[in-house]
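See below for the structure under consideration.
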Amino acid sequence: MSTPQGPSDVIWDITYACPLRCVHCYSESGRRPARQLGHDEMLRVADAISSLRPQAVEFAGGEPLLVKGLLEVARRIGGAGAAVNLYTGGWLFDRGWAEEACRVFSRITVSVDGASAGVHDRIRGRAGSFERAMRTLAILDDLSGERVARGGDPIEFGVDYAVLRANLHELEEFCRTVAPRFPNLRFLTFAAAVPSGLASRQGFAEHELLGFDDLRALVSREHAERLRSLAPRSVRVMTSDNMVLMMHPDLVWRYGFPMLQVEPDGEVRAMPIYEGTVGSLLTEDAGTLWERARERWRDPFVVEALSAVRSMEDWAEATRRIDRHFGTPEVRHRIDHRPPYVPRPRAASAR
Ligand code: SF4
């Protein structure tokens, strides 16, 4: 088994506040307390993350743009040597903020889950979110074009498209009609949604997530080449089945796992997509918490739950078991009060 000294990648969900209400939200943001820290404590968490010497730190959430002082926190981590990357739903972006943000972040990723407002807004749970995301991409596109015209490097910005059954039919359309609207767009990632948070609810995997056969088709060479052939040549097009996020015991044993996930208040998750924390970066040494997280990967309960997975429905079932087993009473209370999943009417289903 590989035994990295620390994670190469740290994901910090810096707030659970969010203006959107995505049907598949892994963090249930916007539907729970934000658990956001004050400014000084955020800087302490930033320093603790930097002590792990990761190559990259991803600011996610929730919507990171809701966090006052975000740029200072990101600058602090960037100053310690890691690449700092931003994930945003694109609802709150404005040009003034973006000019500064593009100097701080190495990469900015905008979540867009469809080629049309109808599909995207339904998944994102808020009317107007597609237009806002398009406007965000237009701002980044303008800024990048201006920077290049001045002789500078382009801004590394792109789209992350969470692939669900409801938007699978719009992947090609996105490459063909949406990507060309932004001549400076750098990358386009089509990554399958996984059973975590709201996406692990009973029934959701069966009706909304791609099955394992669909995942294989999504990442097949022919499919990736087809998407690349439709997108502008300047755009890097990537597909991912996200199976690595399951942390199957055989693979973790053989290759290790490169990611550590931090909750808004500095609590460290043992495994990114599953509930259960191993301590706080505000009170314990970051290296000790990383070691404790790695022990969880070998916990007999985790090994038994994940070794049995043969389908997406099994994976969702394993998530629910792990979440209940390692979640605090507060977590179990939140799980028990999630809105029940209601399948879409068949006519609205695509593909
Ligand atoms: S934008 Fe992200 S954090 Fe906000 S509800 Fe959607 S998936 Fe969750």
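Scanning region 83-134 for residues that are within 12 Å of the ligand (Cβ to nearest atom), in contact with a His (Cβ under 9 Å, 6 or more places away or on another chain) and either among the hydroxyl-bearing types (Ser, Thr, Tyr) or part of a loop (DSSP other than H, G, I, E, B) (or both) yields 112, 113, 129.
Residue by residue, here is whether (1) surrounded by fewer than 19 Cβ atoms within 10 Å (Cβ to Cβ); (2) of a type in the set (Lys, Arg); (3) under 18 Å from residue 27 (Cα atoms) holds:
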position: 245; (1), (2), (3): no, no, yes
position: 251; (1), (2), (3): yes, no, no
position: 254; (1), (2), (3): yes, yes, no
position: 258; (1), (2), (3): yes, no, no
position: 268; (1), (2), (3): no, no, yes
position: 271; (1), (2), (3): no, no, yes
position: 274; (1), (2), (3): no, no, yes
position: 278; (1), (2), (3): no, no, yes
position: 282; (1), (2), (3): yes, no, no
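Of everything in region 96-120 that is among the hydroxyl-bearing types (Ser, Thr, Tyr) and in contact with a Gly (Cβ under 7 Å, 6 or more places away or on another chain), the residue that is surrounded by the most Cβ atoms within 10 Å (Cβ to Cβ) is 111. Considering 37, 20, the condition of being away from the ligand (no atom under 16 Å from the Cβ), closer than 29 Å to residue 125 by Cβ and part of a loop (DSSP other than H, G, I, E, B) is satisfied by 37 alone. Of note, residue 176 does not satisfy the criterion of being surrounded by fewer than 18 Cβ atoms within 10 Å (Cβ to Cβ), at pLDDT 95 or above, basic (Lys, Arg) and out of contact with any Leu (no Cβ under 9 Å at 6 or more places or on another chain).
All conditions but one from (1) of a type in the set (Asp, Glu); (2) under 17 Å from the mean Cα position of the chain (by Cα); (3) away from the ligand (no atom under 16 Å from the Cβ) apply to residue 63; the one that does not is (3). Condition check for residue 93 on (1) surrounded by fewer than 23 Cβ atoms within 10 Å (Cβ to Cβ); (2) more than 28 Å from residue 176 (Cβ to Cβ); (3) of a type outside the set (Lys, Arg): one failure, at (2).
The values are calculated or read from the model by the stated rules, or taken from the named source; none is laboratory data. The model shown is predicted, which means the values in this text are computed figures rather than measured ones. Counting neighbours? That spans all protein chains shown, and the Cβs are built from the backbone with ideal geometry, glycine included.
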